[in-house]
Every structure is written in structure tokens, then in C-alpha cells.
Amino acid sequence: MQTNPDLKKDLSFEDFKTEVLHDYKLAVTSRECSLLGRREVLTGKAKFGIFGDGKEVPQLALAKAFKNGDFRSGYYRDQTFMMAIGELNIQQFFAGLYGHPDLNHDPMSAGRQMGGHFATHSLDENGDWKDLTKQKNSSSDISPTAGQMPRLLGLAQASKIYRQVKGIDTTNFSNKGNEVAWGTIGNASTSEGLFFETINAAGVLQVPMVMSVWDDEYGISVHARHQTTKENISEILKGFQRDEDQKGFEILRVNGWDYPGLVDTYQNASRIAREEHVPVLIHVNELTQPQGHSTSGSHERYKDENRLAWEAEYDCNVKLSEWMISNSIATDDELKDIEKVIKKEVLEGKKAAWNAFVQPLKQEQQELLSLLENVANSSANKVFISKLKNDLAEIKEPIRKDVLSTARKVLRYVLKETTAEKTQLVNWINTYIETIQPKYSSHLYSESPKSALKIQEVKPTYHANSEDVDARLVLRDNFDAIFGKYPETLVFGEDAGHIGDVNQGLEGMQEKYGELRVSDVGIREATILGQGIGMAMRGLRPIAEIQYLDYILYALQIMSDDLATLQYRTSGRQKAPLIIRTRGHRLEGIWHSGSQMGGIINLIRGIHVLVPRNMTKAAGFYNTLLESDEPALIVECLNGYRLKEKMPSNIGEFKTPLGVVETIREGNDITLVSYGSTLRIIEQAAKELQEVGIDAEIIDIQSLLPFDLNQDIVKSIAKTNRLMVIDEDVPGGASAFILNEVLNTQNAYIHLDSKPQTLTAQQHRPAYGTDGDYFSKPSVEDVFEAVYKVMHETNPSNFPKLR
Ligand SMILES: Cc1ncc(C[n+]2csc(CCOP(=O)(O)OP(=O)(O)O)c2C)c(N)n1
Ligand SMILES: [Mg+2]
């Protein structure tokens, strides 16, 4: 279905005609898919449908300007574009609608995303990069409106880096930075802050980004008058227009039904962005929604007759056919014939997709039915089992839930029987779950040989005369080694460039490695994250710095919705090995000493979360991650930069392993489990506890996600028989996660002689000042007394009541 890339002016009329006819066929095919798709939902074969009808023609123009190596970051209306670049055919379209959990059928997400969420494959089946310069690329869509914007910025910035930074191996990723990142968004979604943040940042950064706004005047039922000042996004963005004196955007406007106008506009935009690296906004007006927003409702509820009549008249496909007829490209009859043929093709493609979807399910149903026949015949509960079996047999088009739930229910009827048939059923259920579950659960983390869990530890080494230095220097020298070793690494954040970050862990790095690799950015956490995601998706190794842990909340939505789900939602065919650097805990006050770790770890499964207690450990995590292909968040200890650490002699080389805890103090009476800055408090408390005869063992978790893969904590508890989790998050925050891991996953409850304890911060955020800290977070005395209390309960005569 691929469209010729250029509609050149010097084409012969015949060639021109052929190309336009080809486009028309695509438009009609896409429309037919939308129409039939809606019917599939209304008749119950698919659960939900959101389609690209009414947006076909501008996407044909976009596809013509889109070159190999380019990237799209868009939303659910773009099926025509995906068809035009040859990455979505009719059968795949319907496979996506049905949620076929197989990449060979639904290459967009292996059924993990609802239809209309598009992607191409950047990785092969082993997780290795494909040559992205030889294919047309689409970053995987997400549903939150405008969520595609932050990553778009990074996709565009990668071209700038590849063009301007010397020494990077561009194989697979770039041809001299000539790639354009193309964004699409609905008019209503431009109301989101992420849209404005991205537009501003792109103007500052001057990156090759072309942003299309598909304007149909509505966002579901809500009209533009409630969405956009002056009801006109390009009008209000006028101030971004570049002029002779100042850099900015090129802003273009075009009507969505004007085929030749669209083709010209997109060629023009492509040239400006590609050659000049200037961002372009294309406001595509007068678009329609022939079937309304989605299958959830009908637009007759909120559009009046005039609007509906206007939409029928200005339907871009109708206008394209009128234009073709009036320019003698085709006759009305010829177009009708084309439509007839395509209707049939779409119907056939749909049937093929449905058959491919139900065939394996029917086979699994049959397999179980014959097994159940035997189980019934050999059971005292034959009647009940036969009933379940017959109910299953009656389902003409079963889903897996029908099959497996029947099998599991039958098992209960043979609970007390011991027959070969029962064993067969048990085996069948176990094997079924084992083979089917990965279709729905694989690739949350990397499954490639470069998984961060496979990177071997390298311990820091020291000379006999290794100096004690401010810990920030360990980090700085390690970053220096990283930038020297990996030309594709870059770091950016608020104050990360000129002054080398607020704690000077990057001191002097900008001078040495240049402003493109070590850069200051605006105060805009979500798009800092987006820069990182987009650049990592194009083969660079960004380190995105969020100045303080407390402010990560601005970026958390993008971390959670986009970065954390990327591998999962593409079933391992896209990755963004981005490192997020931040610093937290124990400074001063409500917004500089938070520890919202419970929230973070629960929202970003799919990203590793590392909480090094010192800068040597942190540096080791950076080194590990750069050898891997996975994203991670590293939280450095905000109060640790000026503490002394020995400077390792193998800077840049040592690696802290992920998911490995460390026992930092041995003891026999109780196991204290914690991480980060809190450990220093606990170490002090442990010394004081020793003075009263209590011998505490302290374990540093280091890595919250993944958590203690070797299950070392339970080994300690087997020795001490007592557990206390100490954490500066709120009660029930990260401590609840840790308890769950230790008690449920590691079964430590078996070894406990005392109730497992948690000691956390107060429910409120930490108040300001030293006293604010003392009365908000666990102090040395709090730890001492909490541990003492456990020991008092165990042995009141040795440890009489303290207070
Ligand atoms: C953050 C977020 N809020 C709400 C929704 C639900 N929602 C999905 S599409 C949509 C309207 C989008 O309208 P517009 O951007 O104009 O795109 P159109 O569908 O009109 O092409 C809404 C509110 C969502 N997906 N994400
Ligand atoms: Mg809209």
C-alpha cells in the first residue's frame, strides 16, 4: 500500500493521475475499514473502536513528505497514514481491533493496546536495533491526550544531536540528522499543558519537528469554544512565528479537504524542518468525524443539523473525489467502481483477520473439550462436569477466558479424585497458563541479552593511598569517564549545564563536552523526560536530570504512561533506555525533602528504581545501566554530595548490580531494612543500640525495582527472627511494598518471632528546618526506641520498659 514519497511537479499527467488514484484508493480503504470497524464493535466482535474517518486526506499528504528515518509521534486517528507508509494493512487493522495477541497479526502491540494505537518495530525479535534509517518509523501511541508530545520533542532533538555532535556512530539511526519528527494531535488535546510545554521547548531548541493539529472543532462532545481561546490554535500561537530577527516556528494553515493544498503544505514543511532544523506547526482546519468520536456514542447527540450537513459536504474523501472529477483524473463511474472493489477487499481482509483470531481459540477449546470428556467419564461428578463441558462446547467463538475458566472450574469437581484424567487436566491447565500468560505479560522489562539484570558486578577498587574526597567528585569523575567512553551519552536538566548541576556533580563537563551534550534546559520536567524518551528511542543514551525528587511529579505521568509501558505495549519492539537522574530525601521542608517512593514505585513498573546510599554506589549504577538497554530512575542522596568517600581507582568501570541488597552491618538480634539517606540514621542508631546490648543487622536495599533478586533479606531474618522496615516515605508507602516483598515473596513470616514492624515518616510532608525534619521523619532516637521496644517485648527483664 506504500505511497510514492514525492508528488513531483514534473510528473507526466498519467503518472500524476496514477498517484492520485493510488491515494484515493488508500483513502477509501481506510474509510471502509472505519465503517466496518464500527460495525464489528456494535455487533460485539470487538470491544471498542476509535477510527480515522474524516482525517484521511491530510494523512496522505503527510505520508508523501515522510521519509525513511523519520519518526511519527501521534494519536489514534492516524490509520490512513500508517496504511500509506506501508505499515498497516487491512487484516492488521482488524487484528488490532480484535486484540489479537500475536505480533505477526497485530504488529502494533500484539493486542495489548486497543485499536488505533500505532507503532512500527525499532527492534528485532532479539531486542537489537533495526536500521531505523531504512524504514519509516512510528513511536508507539499512548491514550492520554497530548501524551505523545514530550517524546516528540526528543525524537526531533535526536536529529539535531546526530547532525551536530561529532564522534557518534550514526549507523542504524541517522543520516546527518536529516530526519524529521512528525507529531499529530487533535484540536481539543492542544488544551493540555504538555502541548504548550512541548511547543515552547521546540521553539527554544530549534528542532526538526512538524506538528500537525487535526482540527475538527470538537473533543468528543466539547466544542472548540470551550477548548481554545479564540477557538483557533494557530491564531493564539502566532507569537511563536519566526521572523527575520528571531528564531521560532513556521506556522502554516491549510484546510483538511484541500488535497493539492495539503500536498504543497506538507512538502514545504518537510523542507523547512529537514533542511533548516526549524519546527513547523501545521494547523489543518475543517476536518470532520463522519461517525462521531468513537464507538462509545453518536455525535448526533451534540452536533446540530447544520453542522452535520456541513460535515457531510466537507468530508475530505468526498472533496477529494470531487476534485478528481473536476480535474479529469477520474470519472464518477470509475470512482464508484474503485469503491466497490475496495469494499470487497476490506470485507475479505476483515474475515481473514477474524478467522486468524478465532482459529487458535477454537483449537484450544476443542483440545479442552476432548480432555473434559475423559475427565467426566472417569469422575463421580460426571453430570456437573458434562454440564460445564457442554456450555463451553456451545460457545461458537470462544475466547481464552471461556476455555480456561471452564477448565479451572472442572478441576474443583475432581478435587478428591485421583485419576490419570485428572492429572492430565492439571497438566493441561498448568501448561496452558505457562504458554498463554506471556502473551499478556511479557516484556515489561527487557528480555534481551542486554537486560540490566544480566550486567555483572564490578567492584570499585582503591589504591592504598586513595583519597577521601567530597562525594560529588566521585560522581563527577565518573560522568567524565562516561562521556569520554560513550559519545552517544548526553545529560540535560535545569542547571545541569553551565554550573554543572546544583550540587556540582557535573562540574566542568559542559566546558569539556560542549553545550549539546551537557545542557541547561528550561524548567519543564515533563518535556525533559520526553526529550530523554525520544532521544533514547533513536539510539542515543540520554541522562535526563530532574533537579529534585519532589518535582518528579511533573514528569511522573509521562514516566508512568509512556516510558514505563513502552517495551510492554510494543511487546518488546521499541525501547527507550533512558536514565533519569534525580536527588532526594532529607533537605529542608515540604518541597525539598519528600520521599514519595511508594507512589513512584507503584506507578512506574517497567522502569528500574535505584536508591544508592552514596555516590560511589550511584556512579556504579550509571555504569551498569549504560551497558544495558533499559530505562531506570536513580535517586541520589541529596545530603550526600559533600560527605567524604574514597575515590575509586577504576572510575567509570565499576558497576553496581541491580536487585542486589547489601548487608552493611552484621548483627544477630533484628534485621533493619532500609535504603538511601535513612541508612545513615540507622547506622548511628545501631551503634547506640549496641551500647545497650542490642545487635542489629542492617541491610541496604539499594534497588527497589528490581527487589532483592537473591532473596538475601529472608536469610538475615532466618538468623535474627525479627524485622523492621525503616523508611522516610509515608506510612503504607514504600514500606508496604518492602513488607510485601519480604513477607509474601520471600516468605519471611516463617522465621519471625516478633511482629514485623515498619517505622516511617509522619503522614504529612516534612516540615521545614531541623526540628521540622526531627518531628516528621524517623530520627536516630525513633529508630533506637522502636527497635528497643521490639526487644523489650521479647525480653522485658533484659530490656526493661524505656518510656
Ligand atoms: C488525559 C486524557 N483525558 C481524557 C481522555 C479521553 N479522551 C479521549 S479522546 C478525547 C477528545 C480528544 O479530542 P481531540 O484532541 O480534538 O481529538 P479528536 O478525537 O477530535 O480527533 C478525550 C477527552 C484521554 N484519552 N486522555
Ligand atoms: Mg477534535
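The values are calculated or read from the model by the stated rules, or taken from the named source; none is laboratory data. Computed from a predicted model, the values in this text were never measured in an experiment. As a convention, Cβ positions derive from the backbone with ideal geometry for all residues, glycine included, and neighbour counts pool all protein chains shown.
Taking (1) within 9 Å of ligand 1 (Cβ to nearest atom); (2) touching a residue at least 60 places away in the same chain (Cβ under 8 Å) in turn, Asn175 satisfies each apart from (1). Of the residues making up the stretch 426-452, those that are outside any helix (DSSP H, G or I) and of a type outside the set (Gly, Ala, Ser) are His443, Leu444, Tyr445, Glu447, Pro449, Lys450.
Among the residues of the stretch 348-378, those identified as closer than 22 Å to His105 by Cα and either loosely packed, with under 13 Cβ neighbours inside 10 Å or aromatic (Phe, Trp, Tyr) (or both) are Glu348, Lys351, Trp354, Asn355, Phe357, Gln359, Gln363.
The set of residues in the stretch 519-565 that are in contact with a His (Cβ under 8 Å, 6 or more places away or on another chain) and part of a helix (DSSP H, G or I) comprises Leu549, Asp550. Among the residues making up the stretch 192-229, those that are more than 8 Å from ligand 1 (Cβ to nearest atom), of a type outside the set (A, V, I, L, M), surrounded by 23 or more Cβ atoms within 10 Å (Cβ to Cβ) and not in a helix (DSSP H, G or I) are Pro208, Ser212. When you look at Asp708, is it surrounded by 15 or more Cβ atoms within 10 Å (Cβ to Cβ), in contact (Cβ under 8 Å) with a residue 24 or more places away in the chain and out of contact with any Leu (no Cβ under 9 Å at 6 or more places or on another chain), yes or no? Yes, satisfied.
Annotation note: of Val254, Val213, Val222, the sole residue that is within 14 Å of ligand 2 (Cβ to nearest atom), more than 30 Å from Gly539 (Cα to Cα) and modelled with pLDDT of 95 or more is Val222. If only residues of the stretch 412-455 that are in contact (Cβ under 8 Å) with a residue 40 or more places away in the chain and of a type in the set (Phe, Trp, Tyr) are counted, the one that is farthest from Ser571 (Cα to Cα) is Trp428. For Gln113, the conditions (1) within 30 Å of Asn255 (Cβ to Cβ); (2) within 16 Å of ligand 1 (Cβ to nearest atom); (3) not acidic (Asp, Glu) all hold with the exception of (1). The stretch 697-774 holds helices (runs of 4 or more DSSP H) entirely within its bounds, and those carrying 1 or more residues that are among the hydroxyl-bearing types (Ser, Thr, Tyr) and in contact with a strand residue (DSSP E or B) (Cβ under 8 Å, 6 or more places away or on another chain) map to 712-720, 734-739.
So which of Ser234, Ser189, Ser159 ends up being more than 16 Å from ligand 2 (Cβ to nearest atom) and either in contact (Cβ under 8 Å) with a residue 60 or more places away in the chain or part of a helix (DSSP H, G or I) (or both)? Checking each option against the conditions leaves just Ser159. Please determine whether any residue of the stretch 286-297 is among the hydrophobic types (A, V, I, L, M, F, W, C), under 31 Å from the mean Cα position of the chain (by Cα), surrounded by 15 or more Cβ atoms within 10 Å (Cβ to Cβ) and in a loop (DSSP other than H, G, I, E, B). Yes, the stretch 286-297 contains at least one residue that is among the hydrophobic types (A, V, I, L, M, F, W, C), under 31 Å from the mean Cα position of the chain (by Cα), surrounded by 15 or more Cβ atoms within 10 Å (Cβ to Cβ) and in a loop (DSSP other than H, G, I, E, B).
Among the residues examined, Leu529 does not qualify as in contact with a Phe, Trp or Tyr (Cβ under 6 Å, 6 or more places away or on another chain) and either within 20 Å of Gln574 (Cβ to Cβ) or of a type in the set (S, T, N, Q) (or both). The condition of being touching a residue at least 12 places away in the same chain (Cβ under 8 Å), surrounded by fewer than 21 Cβ atoms within 10 Å (Cβ to Cβ) and either within 16 Å of ligand 1 (Cβ to nearest atom) or not in a helix (DSSP H, G or I) (or both) does not hold for Gln267.
Looking across the stretch 456-479 at every residue that is without any contact (Cβ under 8 Å) to a residue 40 or more places away in the chain and not hydrophobic (A, V, I, L, M, F, W, C), the one that is surrounded by the fewest Cβ atoms within 10 Å (Cβ to Cβ) is identified as Asn465. Within the option set Glu275, Glu311, Glu322, being at pLDDT 95 or above, within 16 Å of ligand 2 (Cβ to nearest atom) and assigned to a helix (DSSP H, G or I) holds for one residue only, Glu311. Might you let me know whether the stretch 559-581 holds any residue that is within 30 Å of His100 (Cβ to Cβ), of a type in the set (Gly, Ala, Ser) and more than 11 Å from the chain's Cα centre (by Cα)? Yes, that holds for at least one residue.
Within the stretch 284-309, residues that are of a type in the set (Gly, Ala, Ser) sit with their Cβ atoms under 9 Å from residues that are more than 13 Å from ligand 1 (Cβ to nearest atom) and part of a loop (DSSP other than H, G, I, E, B), at 6+ positions apart or across chains, in these pairs: Gly292/Ser298.
Only a single criterion out of (1) free of Cβ contacts under 8 Å to residues at least 12 places away in the same chain; (2) in contact with a Pro (Cβ under 7 Å, 6 or more places away or on another chain) is not satisfied by Gln363, namely (2).
Being within 9 Å of ligand 1 (Cβ to nearest atom) and either at pLDDT 95 or above or closer than 11 Å to Phe71 by Cα (or both), is that true of even one residue in the stretch 146-166? Yes, the conditions are met somewhere in the stretch 146-166.
When Ala761, Ala748, Ala736 are checked against the criterion of being in contact with an Asp or Glu (Cβ under 7 Å, 6 or more places away or on another chain) and at pLDDT 95 or above, Ala761 stands alone in meeting it.
Please verify whether Leu347 is in a helix (DSSP H, G or I), within 16 Å of ligand 1 (Cβ to nearest atom) and not charged (D, E, K, R), treating the condition exactly as stated.
Working: in a helix (DSSP H, G or I): yes; within 16 Å of ligand 1 (Cβ to nearest atom): no; not charged (D, E, K, R): yes.
Taking the combined requirement at face value, the residue does not satisfy it.
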